[in-house]
Amino acid sequence: MLTQITDFLNIGGPALWVIAGLSVVTLGLILWKLWRLSLMGAWRKGATEAAVGQWQIGQYDNALASLHTRTGLRARVVKAAMQASQTLPPEDAREETTRIARGALMDAGSGLRALDLIATIAPLVGLLGTVLGMIEAFQALQDSGARADPSALAGGIWEALLTTAAGMAVAIPASMALSWFDSINDRLAHDFDDLATRILTKGKQG
């Protein structure tokens, strides 16, 4: 099996090896992002919603206590908003909450730039491999002169085009994953703003 994979990659030359490496990195990034977002509670909001509900009816201590052991992204922002609301003037409380929310969004977005880079360069590497392969095929055609074998030329062309197809095969899932992760970040940003606003407009002063 390993020999077959190696033979296949050798057909496309160095470009196909690079694309194969990018495919492994892409899969690793996607799995790592899923694991990280799960640890950060990107899809869990029940506890923070309940804490905000308690805060809005005046149960300030209970609301904070319920989030004491929570480490998720929403819980981090909500705790910061609650504590800032209790200890800072309204404008400063908003600034502090915004600072924490920005940090949480940066944590949620870690790794996305690498995924974006792969989605951009994988097709370019594939195209480069195709261009180099086509040059090699036509050089072979020129060297053969009148004894040119059309089947050999066709074989060289399809081998060259293989790298373009492989590059797109890596870029498409990378782009889809990037788009999905971006949508998660957008949802988190919306939730941060919504939760913080509900806290700060019902802030406990003093």
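The values are calculated or read from the model by the stated rules, or taken from the named source; none is laboratory data. The model shown is predicted, which means the values in this text are computed figures rather than measured ones. FYI the Cβ positions are ideal-geometry reconstructions off the backbone, even for glycines, and counts take in every protein chain you see. For accessibility, only protein heavy atoms count, side chains too; no ligands or nucleic acids. Shrake-Rupley method; radii C 1.70, N 1.55, O 1.52, S 1.80 Å.
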- R0 = 25 Å: FRET efficiency of Ala65 with Leu105, Cβ-based, nearest 0.05? 0.45
- Query: So, in nm, how far is label Met176 from label Val131 when the simple model puts each one 7 Å beyond its Cα toward the Cβ?
  - Reply: 2.9 nm
- Item | Average projected area [Cα convex hull, the chain], square nanometres | 14.9 nm²
- Query: Say we join alpha carbon atoms closer than 10 Å with springs in a Gaussian network model of the chain; which of Gln56, Gln142, Gln86 then has the biggest fluctuation?
  - Reply: Gln142
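Hydropathy first: keep DSSP H helices in the chain averaging at least -1.0 on Kyte-Doolittle, then drop any whose Cα extent along the axis falls short of 18 Å, and list what survives. Please list the in-between numbers first.
On the way: long enough: 14-39 (37 Å, 1.53); 73-87 (21 Å, -0.01); 90-108 (27 Å, -0.89); 112-144 (48 Å, 1.18); 150-200 (74 Å, 0.58).
TM-like helix candidates: 14-39, 73-87, 90-108, 112-144, 150-200.
When the accessible area of region 29-101 is split by element with a 1.4 Å probe, what percent falls to carbon and sulfur?
Numbers: 2170 of 3900 Å².
With neighbouring chains kept in place, the figure for region 29-101 is 56 percent.
Residues of the chain: accessible area per residue at 1.4 Å, in Å²?
Details: 11750 Å² over 206 residues.
That works out to 57 Å² per residue.
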- Item | Asp194-Leu31 pseudo-label distance in nm [points 7 Å out on the Cα-to-Cβ vector] | 3.3 nm
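Work out how much length Asp92 to Gln142 would gain on full extension: take 0.36 nm times their residue separation and subtract the Cα-Cα distance, in nm to one decimal.
Values: separation 50, 0.36 × 50 = 18.00 nm, distance 7.40 nm.
Taking Asp92 through Gln142 to full extension adds about 10.6 nm, to one decimal.
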